[in-house]
Amino acid sequence: MNRIGKYDLVRVLGSGATSTVYLGHDPFAQRQVAIKIAFPEILRHPERGRLYTHLFMNEASLVGRLAHPHIVQIYDAVVDEELCYIVMEYVQGGTLEACCDEKKLLPVERVVEIAFKCTRALDFAHRIGVTHRDIKPANILFVGDDPVSGEIKISDFGAAIVDHPDRTQVSGVGSPAYMSPEQVRELTLDHRTDIYSLGVVMYQLLTGQLPFQASNNYNIIYQIINTDPTPPSRLCKQVPQVLDAIIARAMHKDVDARYSSWEEFAHDLANVFRQKKGIATNVLSESEKFDTLRQLSFFEDFSDVELWEVLRFAHWSSVAPDEIVMRDGDSGDFFCFLVDGELKVTKNGRMLNLLTVGDCFGEMAVISKNMQTRGADITALTTSKIVTVGGDALRRASESCRMHFYQAFLEVMVSRLALANARLAAL
């Protein structure tokens, strides 16, 4: 077989019990794709065929819905009696299974980074009514040759709960070692089962061991329900105790004592970097950057996808006290956000304003054709962190991202006009 539908088949990438995955080429979109083709005889199996067909249909139903930078996108699907295949984003790299060996563990900060990105991706899925239900290292891919630096993407939503909980979906799917207590008991599930499973993944990536180990699934299930795992820091001295607490909460046996939302989980992971509790790193992590922007009112209406896009083209820098950030009369095709510290705005030596965390400045030179020179000096009062966005980068941004920037600019200008009016009224 050299072709299926409109897609050219290049070579086999892998084969499992129910399907073969091919590297394919989409001649219309001019891109490489991964094509999962189900074995027809498997789908007609007298005992398991109904389950396999359901899983395939489940994944096919998500075509076009999982548009997130950290989720493998599903582009197309065909499901009929004779032929079933799903066309997905092709990710050239590997899975995190290779990083679960005690001799090949990732740096602690990288594990936190991966977990943070997974929380944001799974929160996106949860908001559109999808619970993955099979989070494990084999379903988390990294792009490229190096898991330390490659981007990550969550794959395989075949076992997902889509749009509503359904107890009939629970039996026969999932990986016992990563299942939550409510999942092994076949209770109704929600997003908190994925939170538990991601906690297990973190545990394994940090220690090279699963939290519960036994010779058979029955004993593993008993431990999941009845015993507490050894804290990761006792198994690996590089793991700070703050991560013990985060993983323990994510893996709490009582679902109501677990993280109630992905935002809570993500916030605690970002704080590990922000507070530098036991992790040696001199770079600003992507999780910290993302969480910093997410907390600014300017980005309140930006989706996660748009915020990750901003991170890709924004430049982060630190300025020292008394350093001039913008100079009166200079030209410039960029604008900035203050994310830490304080800046002052002066004109001819006279103080006009004080900029604090969250303030946007310099945007008029980008959005106005007639005001491309700076109208004041902006100087650091304290050591400050600044995010800079170039005009060219903004103009090349996606339409939705660009629209949200301009909407936020309007809010900024309205606030400034209101402040100016209030000052005039007080004179």
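Taken together, the values in this text are just the output of simple stated rules run on the coordinates, not laboratory data. Predicted model only: the values in this text are computed from it and were never measured. Ideal geometry is used to build each Cβ from the backbone, glycine not excepted, and the neighbour counts take in all protein chains shown.
The Cα-based radius of gyration of segment 75-139, divided by its Kirkwood radius, gives an Rg/Rh of 1.07. The order of F273, F265, F298, going from fewest to most other C-beta atoms within 10 Å of their C-beta, is F298, F273, F265. This model, with +1 at the C-beta of Lys and Arg and -1 at the C-beta of Asp and Glu, gives the chain a dipole about its Cα centre of some 480 debye. Working note: 222 nm ellipticity from helices only, DSSP H runs with n ≥ 4, each -39,500 (n - 2.57), summed and divided by the residues of the chain, gives -10500 deg cm²/dmol to the nearest 500.
Relative contact order for segment 317-405: 43 percent, from Cα pairs under 8 Å spaced at least 6 residues apart, divided by residue count. Using alpha carbons only, the radius of gyration of segment 298-426 set against its Kirkwood radius gives Rg/Rh = 0.96. The distance from the alpha carbon centre of segment 374-423 to that of segment 320-336 is 13 Å, rounded to a whole number. Relative contact order of the chain: 10 percent, from C-alpha pairs under 8 Å at least 6 residues apart in sequence. For the chain, the membrane-span-like helices by this rule, meaning whole DSSP H stretches whose C-alpha atoms cover at least 18 Å of axis and whose Kyte-Doolittle mean is 0.0 or above, are 108-127, 192-207, 399-426; this says nothing about an actual membrane. The aspartates and glutamates whose alpha-carbon is closer than 13 Å to the alpha-carbon of K289, local same-chain residues fewer than 8 away aside, are E113, D304, E309, D340. Taken along the Cα-to-beta-carbon direction at a fixed 7 Å, the label points for K6 and E399 span 1.9 nm.
Farthest toward the positive end of the dipole of the chain, out of Q213, V12, G390, is the Cα of G390, where the dipole comes from beta carbon charges about the Cα centre.
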